[in-house]
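Undergrad: Questions regarding the structure given below will be posed in turn.
Nothing in this text is a laboratory measurement; each read-out follows from the coordinates by a stated rule. Keep in mind that what you see is a predicted model, and the values were worked out from it rather than measured. Cβ coordinates were reconstructed from backbone atoms using ideal geometry, including for glycine residues, and neighbour counts include every protein chain displayed.
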Amino acid sequence: MGKNQVVIAEFSIIPLGQSGTSLSHYVAEAVEALRKVKNLNFEVTAMGTILEAESLDTIFEAVRQSHKALFALGVQRVSSTLRIDDRKDKARSMNDKVRAVKETLA
């Protein structure tokens with residue numbers, strides 16, 4: 001993404017009612033769904049995924065497609081958390097935000 005105003009969001013998704021404690025298979029399917037969403041950048045972290053897009057609609061579509069991917073696996077219940085930073089006063093990317101913190105620490 002360029003220096004246009006972008007929406008940055010933190011997203012996590014959890015299938016409920018599955019046997020076992022490992023969720024990596026489900027997370028991988030959700031990430032595959034994200035790869036298919038046009039105009040979406042994302043970064044997978046240990047505790048969630050950072051989403052970046054020029055529109056809020058793209059963020060919501062990414063969440064919708066991730067839910068659909070888990071339901072397609074036979075999951076009957078999905079819980080997700082979405083935290084959105086929709087800033088209009090300044091063009092910032094997810095990388096800019098990280099860089100600003102690192103520069104402050106230096």
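A quick yes/no check of all residues on (1) of a type in the set (F, W, Y); (2) in contact (Cβ under 8 Å) with a residue 60 or more places away in the chain; (3) within 22 Å of Q5 (Cβ to Cβ):
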site	(1), (2), (3)
A28	no, no, no
L51	no, no, yes
E54	no, no, yes
T58	no, no, yes
R64	no, no, no
K88	no, yes, yes
A91	no, yes, yes
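Undergrad: Could we say that I84 is over 21 Å from K97 (Cα atoms), part of a strand (DSSP E or B), among the aliphatic types (A, V, I, L, M) and within 15 Å of the chain's Cα centre (by Cα) here?
TA: No: the conditions fail for I84.
Undergrad: Mind checking which residues of segment 28-70 are touching a helix residue (DSSP H, G or I) at 6+ places or on another chain (Cβ under 8 Å), within 20 Å of K97 (Cα to Cα) and aliphatic (A, V, I, L, M)?
TA: Once the filter is applied, which keeps residues that are touching a helix residue (DSSP H, G or I) at 6+ places or on another chain (Cβ under 8 Å), within 20 Å of K97 (Cα to Cα) and aliphatic (A, V, I, L, M), segment 28-70 yields L40, V44, I50, L51, A53.
Undergrad: When you scan segment 52-69, how many residues do you find that are under 18 Å from K88 (Cβ atoms) and out of contact with any Leu (no Cβ under 6 Å at 6 or more places or on another chain)?
TA: 6
Undergrad: Which one is farthest from D96 (Cα to Cα) among residues in segment 7-23 that are free of Cβ contacts under 8 Å to residues at least 60 places away in the same chain and either of a type in the set (D, E, K, R) or surrounded by 10 or more Cβ atoms within 10 Å (Cβ to Cβ) (or both)?
TA: Step by step, filter segment 7-23, then rank; the result is Q18.
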